[in-house]
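Heads up, the thing below is written out as structure tokens.
Nothing in this text is a laboratory measurement; each read-out follows from the coordinates by a stated rule. Remember, predicted model here, so these are calculated numbers, not experimental data. Here Cβ is always computed from backbone atoms with ideal geometry, including for glycine, and neighbour counts include all displayed protein chains.
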């Protein structure tokens, strides 16, 4: 004989289809608002900074530490061999270094002659650690552990291994979101270093799995651009600082309009194994003059 | 919804989001990470019904939007509808066995991938659906189903304990 359990006072509940309808309208509203303005970024970003980022930082630190420890243990034997090899390499490199010193002197001379700015060594940089990657598998954005408190701002360029990774598209007090150039929704205005021809570099999910990114709109009537040429960010980009290495051309095809060329670029950064990035603390719009 | 359940769900969503963006990103196979959020949303919908499913879906999606979305509300909308639709099956199927919810989670993840493809790629003239299917949607689905086999019982167990406690509290007030 079970007693009839009476719930304490039937609470008023909204039927779920109405709730769905209301929330749908709310979502559409916020999509429209964020499409046109950036009203929400402030409060939501600080929410993220309080609740999520500290954990991501902690877990990533622990994860990196564990990976490093296991790597250390497994690589002692390898290190001994490598040590031998490296010693030989040092000798070779010393010779190379001397020649390079000479070339560098020549380069500075030439630069002075052309009054070119030096490459990106002169920009102020800050290192940051990647603490989280995109929740989905479609785009390649990630979160780093420095934010506006460290002087970061939207549109600052991000580099790793001396080459372009992407740019900051969202910033919170102690975190920033970076959109990488290999993301399917990203494109960069680039330039072939050898011939100064402009082209558009755009990420492509399909090609990225094979290790390439796409380029298009290369105007090159005289066939000066060849495979292996360096591609850097161009001077006409409004977001990216000029002269940052993007990658090397790996294939070139003629477009069907016979005017432009397109093809693929091998990016210079290993996006798969990237843990630490450098943020250039300078905005393109500020260095214009 | 009492306060205990709200806190439990908040922590569940937060933990899965953090795991998905950190640990499982490190444990990815061929750059594909499992979708823990779908597991949470679909399981909650399946265990508790359409109402809980859509609320959890809304907040999980919102969390992803804050961090990785271009527009706030985009993923919230998708996750909310998935939670709602899976929740509709709550009354039809028995949630204690493991096989049926796993099938639903798998279908939900496939649906999610497909919607993402349509909204983010097809609309930008990327028509090679076969490629995206084989390289992204299907691998993610399989990986998610694999993780769900371990994750769903945890969610179910926690939920049953909360249910028991709620029932006991309700009895006290008779």
* Inter-site label distance for residue A:37 and residue B:128 at 7 Å from Cα along Cβ, in nm -> 4.1
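On average, how many beta carbons from a partner chain sit within 10 Å of the beta carbon of a residue in A:125-132?
Working: counts 0, 0, 0, 0, 0, 2, 3, 8.
Mean shielding by partner chains, rounded to a whole number: 2.
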* Structure fact -> What helix-only [θ] at 222 nm does chain A give? Using -39500 (n - 2.57) per DSSP H run of at least 4, over all residues, to the nearest 500, the answer is -11500 deg cm²/dmol
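With the cut-off at 13 Å, report for the range A:185-248 the share of all Cα pairs above it, as a whole percent.
Working: 1236 of 2016 pairs.
In whole percent, the long-distance tail amounts to 61.
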* Return the distance in nm (one decimal) between the two label points of a simple spin-label model at residue A:68 and residue A:210, each offset 7 Å from Cα along Cα→Cβ. => 3.8
* **Rel. contact order, % - alpha carbon contacts under 8 angstrom, at least six apart, chain A** => 16
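Based on DSSP H runs of at least 4 residues, each adding -39500 (n - 2.57), what is the mean residue ellipticity at 222 nm of chain B after dividing by all its residues, to the nearest 500 deg cm²/dmol?
On the way: 8 runs with 131 residues, N = 174.
Result for chain B: -25000 deg cm²/dmol, rounded to the nearest 500.
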* **GNM result for chain A, Cα springs below 10 Å: residue of A:62, A:171, A:232 fluctuating most strongly** => A:62
* Between the range A:188-253 and the range B:1-61, the alpha-carbon center distance in angstrom -> 40
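Diagonalise the Cα gyration tensor of chain B and give the resulting equivalent ellipsoid semi-axes, square root of 5 times each eigenvalue, largest first, whole Å.
Numbers: eigenvalues 173, 54, 46 Å².
Semi-axes from the Cα gyration tensor: 29, 16, 15 Å.
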* Asked: For the residues B:21, A:13, what sequence is obtained by ranking on other C-beta atoms within 10 Å, fewest first?
  -> A:13, B:21
* Asked: To the nearest whole number, what is the average tally of beta carbon atoms from other chains within 10 Å of the beta carbons of peptide B:72-80?
  -> 6
* Report the normalised scattering of the protein assembly as shown as log10 I(q)/I(0) at q = 0.07, 0.09, 0.13 Å⁻¹, calculated by the Debye formula with identical scatterers on the alpha carbons. => -0.45, -0.71, -1.28
* Restricting attention to the alpha-carbon atoms of the range A:233-279, what are Rg (one decimal) and Dmax (integer), both in Å? -> 14.2, 42
* To do: Provide Rg over Rh for the range A:130-289; use the alpha carbon set for both Rg and the Kirkwood Rh (inverse mean inverse pair distance).
  => 0.98
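Using the count of nearby Cβ atoms within 10 Å as a rough guide to exposure, how do A:175, A:138 rank from fewest to most? Don't jump to the answer; show the numbers that get you there.
Details: A:175 27, A:138 20.
Going from least to most buried by this count: A:138, A:175.
On average, how much area does the Cα convex hull of the range A:9-93 cover when viewed from any direction, in nm²?
Numbers: hull surface 55.3 nm².
Seen from a random direction, the Cα hull of the range A:9-93 projects 13.8 nm² on average.
Cut-off is 10 Å between beta-carbons; in what order do A:140, A:273, B:157, B:90 appear when sorted fewest neighbours first? Before the final figure, lay out each step's value.
Numbers: A:140 24, A:273 7, B:157 10, B:90 19.
The order, fewest Cβ neighbours first, is A:273, B:157, B:90, A:140.
Taking only the alpha-carbon atoms of the range B:60-143, what semi-axes of the equivalent ellipsoid follow from 5 times the gyration tensor eigenvalues under a square root, in whole Å, largest first?
On the way: eigenvalues 122, 63, 21 Å².
For the range B:60-143, the ellipsoid semi-axes come out as 25, 18, 10 Å.
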* If you count, for every residue in A:57-68, the Cβ atoms of partner chains within 10 Å of its Cβ, what is the mean? -> 2
